[in-house]
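Undergrad: Here it is, the structure in full.
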Amino acid sequence: PARYFDTRTTEPVSFFLSGLEELLAWQPDGNDDFNISAVPLAKRQPPLHGKRPRTLVCHDMRGGYLEDRFIQGSATRNPYVFYHWRYIDIFVYFSHHTVTIPPVCWTNAAHRNGVPVLGTFITEWTDGEKLCEAFLAGGEEAYHAVSKQLARITQHYRFDGWLVNIENTLSAAAVGNLPPFLRHLTAQVHSAVPGGLVIWYDSVLQNGTLKWQNELTEENRVFFDACDGLFTNYNWKEEHLERTRQLAGPRHTDIYVGVDVFARGDVIGGGFDTDKSLRLIRQHGLSAAIFAPGWVYEHLGEENFLNNENKFWGLLAEYLPTHSICALPLATSFSLGMGTSKFLAGKEEEAGPWYNLSAQEIQPLYPEREGRLSTSCCLQDAWCGGSSLRVQGTIPPGEEHVAIRLFSLQMSAPPKLFLTLLYKLEGPHPDEIAVALELTTWDSGTCHEGNSISLPEPNGRHHPRFLPAPPPGLAKLLATCDRGSHSWTSRCYELDLEDCSLRDLSLLVSRHQPSPQETPFACLLGEVRVLDAAIMAASPPQVQSLTASQLWWQ
């Protein structure tokens with residue numbers, strides 16, 4: 001069927017639903033197994049529903065369902081990718097189709113990085129009025145049918161909820177049923193999906209007129225009260241934020257203040273000035289909804305996209321609270337889910353562009369310090385996948401080393417850890433530089449290294465012991481301990497800890513000789529792993545009940 005498969009190539013594709021009839025007729029279908037997310041939402045700290053302000057990203061690009069609709073990837077040159085997952089809390093896939101089911105590759109990539117994904121339920125213009133009249137103006141049976149279907153779709157495809165956007169006027173009967181519809185939808189989504197969310201877009205008022213408020217008001221709060229949050233329109237000033245904070249009371253972090261990166265209309269700042277908007281939003285303790293950050297790709301062009309993307313998010317970083325990884329194993333080759341070649345074990349296996357966000361790996365923090373440090377993606381060389389992480393900067397005069405924070409962690413440390421690192425030194429004087437991994441732990445009176453008689457390091461800094469060869473029983477898993485390949489260097493380490501909580505995983509770059517000058521460095525990271533030794537020693541579960549279906553031989 002054309003909905004599930006590309007008619008030209010027969011490849012499975014992600015899809016949307018148009019109109020009320022398609023929504024109400026939707027049933028789970030064997031053809032759409034490809035569209036079900038295969039990656040559960042990774043746990044994170046702090047939890048999403050805490051009290052700190054959140055960051056929502058609303059992805060709206062050229063109508064949606066572009067190359068990202070190809071579930072098994074495509075040979076797209078210079079595609080759009082998003083990878084600053086550590087800095088955001090919720091990802092919304094937006095299009096102007098009635099029911100936007102997020103393409104499964106986005107759900108897989110976001111979930112792997114601990115970020116929930118929402119689809120969009122939208123009605124607009126005169127067609128939207130008719131659609132709303134059809135399901136809202138009647139009795140509860142009609143709108144219950146819609147909310148149940150939306151919740152079933154969320155559960156079936158394993159994404160996390162909906163942005164609801166009613167951008168048309170409503171009759172008195174329809175608007176009267178809107179709050180109970182939202183309450184029912186929210187309850188249905190919460191029971192179908194653990195941690196599910198329903199967010200309302202600031203559009204119609206409680207009297208049914210379509211009038212964007214750019215804030216929470218007495219006219220639209222009835223909808224905010226009926227669901228998990230309000231996403232405001234973009235044309236606000238500081239007084240709107242003050243009134244919103246006042247009116248929202250203890251739920252102020254459930255207000256997502258809209259920021260249009262394209263800066264359409266009368267806005268505080270978009271583009272590379274988006275930080276001006278965020279600064280104000282955070283001063284008032286509110287959450288932010290960054291709309292269409294694809295501006296970087298659409299407006300500035302595809303050619304220098306990765307550099308511009310790092311610049312854009314780097315400017316916002318101080319206003320974006322990050323979330324931590326809270327489970328092991330942590331293993332990543334930093335691949336973006338795209339590339340100009342495919343690499344395996346440091347060797348180019350296949351030249352040519354590719355794009356598949358489902359193959360994106362866990363993404364790190366991307367720390368930037370003006371002139372002294374930059375972290376970026378390198379497509380020219382990789383250990384596995386399509387890219388590696390390039391870390392470059394300088395060791396300041398008189399300093400022995402710098403620590404570059406790659407991951408923020410929040411979990412109790414197992415008694416024994418194995419760590420692995422694959423890297424390649426670049427730059428003019430690679431022989432003057434050494435790299436290793438550093439783990440820090442949260443301060444506590446009891447935390448110490450298990451077999452060490454030395455005093456605890458200040459600030460809980462631990463430097464795992466280098467392992468020249470893999471320990472017995474783990475030779476297969478840690479096969480590359482003592483040997484890299486294709487000029488990649490491989491290192492394994494072990495660390496014994498007692499009563500500790502892990503805090504950060506950093507790359508430690510040091511120089512062999514102290515120097516009064518600064519020392520520049522450049523290093524590619526191909527893979528990093530942090531493993532719980534006890535779990536690694538256990539035998540992996542056996543695959544059972546394997547079936548194959550829908551085979552198409554070519």
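Undergrad: Report whether or not PRO321 is open to solvent by less than 10 Å² (accessible area, probe 1.4 Å) and either over 26 Å from ALA475 (Cα atoms) or under 23 Å from the mean Cα position of the chain (by Cα) (or both). Show your work before the answer.
TA: Numbers: open to solvent by less than 10 Å² (accessible area, probe 1.4 Å): no; either over 26 Å from ALA475 (Cα atoms) or under 23 Å from the mean Cα position of the chain (by Cα) (or both): yes.
So PRO321 does not fit the description; no.
Undergrad: Is it the case that THR332 is crowded, with 20+ Cβ neighbours inside 10 Å, under 18 Å from ALA109 (Cα atoms) and hydroxyl-bearing (Ser, Thr, Tyr)? Talk me through it step by step, then tell me what you get.
TA: Numbers: crowded, with 20+ Cβ neighbours inside 10 Å: yes; under 18 Å from ALA109 (Cα atoms): yes; hydroxyl-bearing (Ser, Thr, Tyr): yes.
So THR332 fits the description; yes.
Undergrad: Let me ask another. For residues that are assigned to a strand (DSSP E or B) and farther than 30 Å from LYS130 by Cα, tally how many sit in region 1-35.
TA: First, the residues of region 1-35 that are assigned to a strand (DSSP E or B): 5, 12-13, 17.
Filter once more, so that each one left must be farther than 30 Å from LYS130 by Cα: 5, 12.
Qualifying residue count, region 1-35: 2.
Undergrad: Hey, another quick one. Taking the stated definitions as given, is PHE305 aromatic (Phe, Trp, Tyr) and not assigned by the TED database to the domain that holds LEU241?
TA: Details: aromatic (Phe, Trp, Tyr): yes; not assigned by the TED database to the domain that holds LEU241: no.
The answer is no for PHE305.
Undergrad: Against the conditions (1) touching a Ser or Thr at 6+ places or on another chain (Cβ under 7 Å); (2) touching a residue at least 60 places away in the same chain (Cβ under 8 Å), where does VAL189 fall short? Just the number, please.
TA: (2)
Undergrad: Select from region 511-534 the residues that are more than 27 Å from SER444 (Cα to Cα) and part of a strand (DSSP E or B) and list them in ascending order. Full working, then the answer.
TA: Restricting attention to region 511-534, the residues satisfying the condition of being more than 27 Å from SER444 (Cα to Cα) are 511-527.
Hits for region 511-534 are ARG511, THR519, PRO520, PHE521, ALA522, CYS523, LEU524, LEU525, GLY526, GLU527.
Undergrad: Take region 472-489 and flag every residue that is modelled with pLDDT of 75 or more and surrounded by 13 or more Cβ atoms within 10 Å (Cβ to Cβ). Spell out the reasoning first.
TA: Going through region 472-489, the residues modelled with pLDDT of 75 or more turn out to be 485-489.
Passing the criteria: SER485, HIS486, TRP488, THR489.
The values are calculated or read from the model by the stated rules, or taken from the named source; none is laboratory data. Keep in mind it's a predicted model, so treat the numbers as computed, not measured. Cβ coordinates were reconstructed from backbone atoms using ideal geometry, including for glycine residues, and neighbour counts include every protein chain displayed. All accessible areas refer to the heavy atoms of the entire protein, side chains included, with ligands and DNA or RNA removed. Shrake-Rupley method; radii C 1.70, N 1.55, O 1.52, S 1.80 Å.
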